[in-house]
Amino acid sequence: MNVEFSGILLRAADNNRSVAVSATTLAGALVELSDTFPSMRRVLLDNAGKLRQAHRLVLNGELVPHPDITMPLGDGDQIQFFTAVAGG
């Protein structure tokens, strides 16, 4: 499976726009990404280990409004993370 990053997450991934992971669930992918890029954990996850609400997950081109960390993932899946931008 491939995971793509942009914005602040791109920096947390050491400027790797795309990273291959072998996890079979979203929880496994988040752990694998955090192990590979330690700074990713504090940017991507909240204190409870859940995906921060500021990030949007797109799976195979479709927005997943409320991603469940137990959701299964396959070898050919494509995940994209987008971070909401706020300002005033």
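Evaluating 6.51 cos²θ - 1.76 cosθ + 1.60 at θ = phi - 60° for every residue in the stretch 65-82, the Karplus couplings come out as x, 9, x, 9, 5, 8, 5, x, 10, x, 4, x, 6, 10, 10, 10, 10, 10 Hz, glycine and proline recorded as x. Computed from point charges on the beta carbon alone (+1 for Lys and Arg, -1 for Asp and Glu), the dipole magnitude for the chain about its Cα centre is near 380 Debye. Dividing the C-alpha radius of gyration of the stretch 2-83 by 2.2 N^0.38 Å, with N its residue count, gives 0.96.
Close amide H contacts of Arg56 (hydrogens built in the peptide plane, cut-off under 5 Å, sequence separation of 5 or more or a different chain): Phe82, Thr83, Ala84.
Taking the helices alone, the chain has a mean residue ellipticity at 222 nm of -7500 deg cm²/dmol, built from -39,500 (n - 2.57) per DSSP H run of at least 4 residues and averaged over all its residues.
Site pair Arg56 and Leu10 shows an inter-label distance of 1.7 nm when each label is modelled 7 Å from Cα along Cα→Cβ.
Got the relative contact order for the chain handy, in percent, Cα pairs under 8 Å and 6 or more residues apart? Working shown, then result.
Details: 136 pairs, mean separation 34.5, N = 88.
Answer for the chain is 39 percent.
Only the coordinates and a few stated rules stand behind these numbers; no lab work does. Because the structure is predicted, anything quoted here is derived from the model rather than measured. Glycine gets a Cβ as well: all are built from the backbone with ideal geometry, and neighbour counts include every protein chain shown.
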